[in-house]
Amino acid sequence: VVFKYKEYESRIIKMQRCNVSYSETANYGTDYCYATLNKAIGEAIVQAGLKMDVRVTLQDPKVSGGTEYDDQWWMTINGLKGRTGIVDNNGEFEPKDLGQVMQQSKHGAVMNFDLVFSIRLTKENNKERGPTDTFNIIPECSRGAIKSINLEIEPPNVETQIPTQKAVKDDVASDELVNALNALLS
């Protein structure tokens, strides 16, 4: 995804004052995090996709739920390792592991992110892309500046979605197994 404004063009867009919730999950804050992003940016990506006959959804397949403000939405931010920290008074970036900060504080943070967006389609069973297929928005962290820590931030609902496929003949349970399970569970 490329962002354009007049004669300027960039793959990186700055998102300011993004709430990042706390989680005890392994590698959370170090490799990835859940953050609230400016919904207008996501909606612009969706609209640009529609102009090219590409359906794009704002809904992150891993997280759901509302935010404190209607102009935000929850997304999974990937690629944090070595890219989060603080910017000092000289404008120099000093790396600080967001995951370590949150594990010590047991609270969330507010971040300013420089993000690179792409869209991705996940297909099962090597199916061809169809006209109703929907792409997901994928934000990657270019840099994340920690702006505030030790904050109580209501986390999103996290739902790991594992793809499923139709059962095959070999998956069918025998009558004996069905009867044994019914007897065991009743």
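Quick notes
- Exposure proxy ranking, count of Cβ atoms within 10 Å, fewest first, for Leu50, Leu37: Leu50, Leu37
- Residues Lys127, Lys96, sorted so that the one with the fewest Cβ neighbours within 10 Å comes first: Lys127, Lys96
- Interatomic Cα distance distribution for segment 3-185, bins of 5 angstrom, percent: 1, 7, 14, 17, 16, 13, 9, 7, 6, 5, 3, 2, 1, 0, 0
- Order of Arg143, Arg120 under a 10 Å beta carbon neighbour criterion, fewest first: Arg120, Arg143
- Distance between modelled label sites at Val116 and Asn150, nm, 7 Å Cα→Cβ extension: 3.6 nm
- Label point distance in nm, Glu24-Glu92, each placed 7 Å from Cα along Cα→Cβ: 3.8 nm
- For the chain, averaging the sequence separation of C-alpha pairs within contact (under 8 Å, six or more residues apart) and dividing by the residue count gives a relative contact order of 28 percent.
- Partners of Lys51 within straight-line reach, counting aspartates and glutamates whose Cα lies under 16 Å from its Cα and excluding those fewer than 8 residues away in the same chain: Glu43, Asp133.
- Estimated [θ] at 222 nm from DSSP helical runs (n ≥ 4, -39500 (n - 2.57)) normalised by residues in the chain, nearest 500: -5000 deg cm²/dmol
- Taking amide hydrogens as placed 1.01 Å from N in the peptide plane, the amide H of Ser118 sits under 5 Å from those of Ile138, Glu140, each at least 5 positions away in sequence or on another chain.
- Full-stretch length increase - Ile12, Asp53 - with 0.36 nm per residue and alpha-carbon distance subtracted: 12.4 nm
- Dipole in debye (nearest 20) - the chain, about Cα centre, beta carbon charges: Lys, Arg +1; Asp, Glu -1: 580 debye
- Separation between Cα centres of segment 83-102 and segment 127-143, rounded to whole Å: 30 Å
Since every read-out is calculated from the coordinates, none of them should be taken as a lab result. Predicted model only: the values in this text are computed from it and were never measured. Positions of Cβ are generated from backbone atoms using ideal geometry, with glycine treated the same way; all protein chains shown enter the neighbour counts.
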